[in-house]
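Before any comments, here is the structure.
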Amino acid sequence: MVNQEYDFFDVWYNLKVTVKQGVEIMQIMIEIPDHLANQLQLQPSQISQKVLELIVADNYRQGLIGAGEVHKMLNFSSRWETYQFLKDQKAYLPYTEEDLEEDVQAIRNLLGNK
């Protein structure tokens with residue numbers, strides 16, 4: 001298969017998507033002013049990982065991906081490492097009062113207490 005590349009440009013980002021052998025790989029270029037990069041105290045090699053972590057945590061918060069996908073995307077060694085990452089990122093799935101009531105009712109049904 002021939003590699004295909006698509007470039008999308010905006011004022012705020014330069015996005016390059018490369019498709020290789022049916023697998024989509026996205027490369028994103030982010031321009032950060034030097035003074036801000038210095039304040040962030042990130043090495044260039046760390047920036048890519050940090051951006052990936054932010055995107056993954058945000059997608060988890062929105063319910064677009066599950067913990068299993070987080071685990072795979074960030075190459076964690078255990079599910080506990082995944083849960084710790086999500087906790088550190090304050091990436092909690094929405095849990096409403098209605099969800100709680102449903103869970104309580106399910107437990108009552110299991111215990112025979114209706």
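Nothing in this text is a laboratory measurement; each read-out follows from the coordinates by a stated rule. Because the structure is a prediction, the values reported are computed rather than measured. Cβ: placed from backbone, ideal geometry, glycine included. Neighbour counts: every protein chain shown.
Determine the shape class of the range 35-111: with a ≥ b ≥ c the square roots of the Cα gyration tensor eigenvalues, call it rounded for a/c under 1.5, and otherwise prolate if a/b is greater than b/c, oblate otherwise.
Judged from the Cα gyration tensor, the range 35-111 comes out prolate (a/c at least 1.5, a/b above b/c).
Sorted from fewest to most neighbouring beta carbons within 10 Å, what does the list I47, I65, I107 look like? Mind dumping the intermediate values first?
Working: I47 14, I65 17, I107 10.
Taking fewest neighbouring Cβ atoms as first place, the list is I107, I47, I65.
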Taking 0.36 nm per residue of separation between L74 and A106 and subtracting their Cα-Cα distance, the length gained on full extension comes to 8.2 nm
Given a Förster distance of 25 Å, the FRET efficiency implied by the Cβ-Cβ spacing of Y92 and V51, rounded to the nearest 0.05, works out to 0.75
Mean Cβ-within-10 Å packing, highest first, puts peptides 72-84, 52-64 in the order 52-64, 72-84
Non-local residues with an amide H under 5 Å from the amide H of I65, with H modelled 1.01 Å from N and Pro and chain starts lacking one, are Y60
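For L36 and E81 in one chain, what is 0.36 nm times their gap in residues minus the Cα-Cα distance, to one decimal in nm?
Numbers: separation 45, 0.36 × 45 = 16.20 nm, distance 2.97 nm.
Result: 13.2 nm gained on full extension.
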